[in-house]
Amino acid sequence: MTISPTAGMLADPSREQGSATTPWLLRRVNQRYRQAIRAELAAAGLSDVPQPGYWALTALAGGARDATELVGAMGVTKQAVSKLVENLVANGFVSRELDPADRRRSALRLTSKGVAALDCIDAAVDATERSFVGEVGAGTFAQLGGTLARLASLPPSPRGESV
């Protein structure tokens, strides 16, 4: 396989011109979101948010209260969340305080800098989605969102089994 300089996608001569697998297409769409988010954060002077921090800030704004809840919300390991939380605390996006109800836990809260970063993330996502709607139409984009939400809500199938 070679890298196609025009499409930026892996070229496989055995595939029909322009075709790609679903994971690759999802990755390309995700890149558009990430690029828009990165640009919006940079314009606001908040470029020190690591990419996984987008999801952590969003999860905290959505009600996650500690590292254990971030593990569940983000679907990553405790070690990955621990490292990410350290980064977000060190850079001032999140504060960590002992949970008065359970002194073994640390409560996580967005700081004003974290809220500002989340506002940038939301603005970039909104702008990207407006662009997508302009490119494919509102109905098609809504159908895609509904399909992805349905797929995301399904339980994972056991390894090797098809649904």
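What follows is calculated from the coordinates using simple rules that are stated; it is not laboratory data. A quick note: this is a predicted structure, and the numbers were derived from the prediction, not measured. Please note: Cβ atoms are built from the backbone with ideal geometry, for glycine as well, and neighbour counts cover all protein chains shown.
Sorting 66-78, 94-106 by average packing, meaning the other beta carbons within 10 Å per residue, from highest down gives 66-78, 94-106.
Applying D = kT/(6 pi eta Rh) to the chain, where Rh is the Kirkwood radius over alpha-carbon pairs, T corresponds to 20 °C and eta to 1.002 mPa s, the Stokes-Einstein value obtained is 117 µm²/s.
Apply 1/(1 + (r/R0)^6) to the Cβ-Cβ distance of Ala127 and Ser157, taking R0 = 30 Å, and write down the FRET efficiency to the nearest 0.05. It would help to have the intermediate numbers written out before the result.
Working: r = 35 Å, r/R0 = 1.17.
Plugging the Cβ-Cβ distance into 1/(1 + (r/R0)^6) gives 0.30.
Relative to the longest principal axis of the Cα atoms of the chain, helix 78-90 runs at roughly 70 degrees. Only helical runs count toward this figure. For the chain, summing -39,500 (n - 2.57) over DSSP H runs of n ≥ 4 and dividing by all residues gives -19500 deg cm²/dmol at 222 nm. Seen against the Cα atoms of the chain and their longest principal axis, helix 112-136 is set at about 20 degrees. Close amide H contacts of Ala107 (hydrogens built in the peptide plane, cut-off under 5 Å, sequence separation of 5 or more or a different chain): Glu97, Leu98, Asp99.
Averaging the sequence gap over all C-alpha pairs within less than 8 Å and six or more residues apart, then dividing by the number of residues, gives the chain a relative contact order of 19 percent. The label-point distance for Ala101 and Arg32, in a model that sets each label 7 Å from Cα toward Cβ, rounds to 4.1 nm. Each Lys and Arg Cβ is given +1 and each Asp and Glu Cβ -1; about its Cα centre, segment 10-163 then shows a dipole of about 340 debye.
With bins 5 Å wide beginning at 0, the percent of Cα pairs of segment 60-140 falling in each bin runs 3, 14, 18, 20, 15, 10, 8, 7, 3, 2, 0. Ranked by the mean number of other Cβ atoms within 10 Å per residue, highest first, peptides 21-31, 144-154 order as 21-31, 144-154.
Treating r as the C-beta distance of Ala43 and Leu144 and R0 as 30 Å, the FRET efficiency rounds to 0.60. The label-point distance for Val76 and Trp55, in a model that sets each label 7 Å from Cα toward Cβ, rounds to 0.7 nm.
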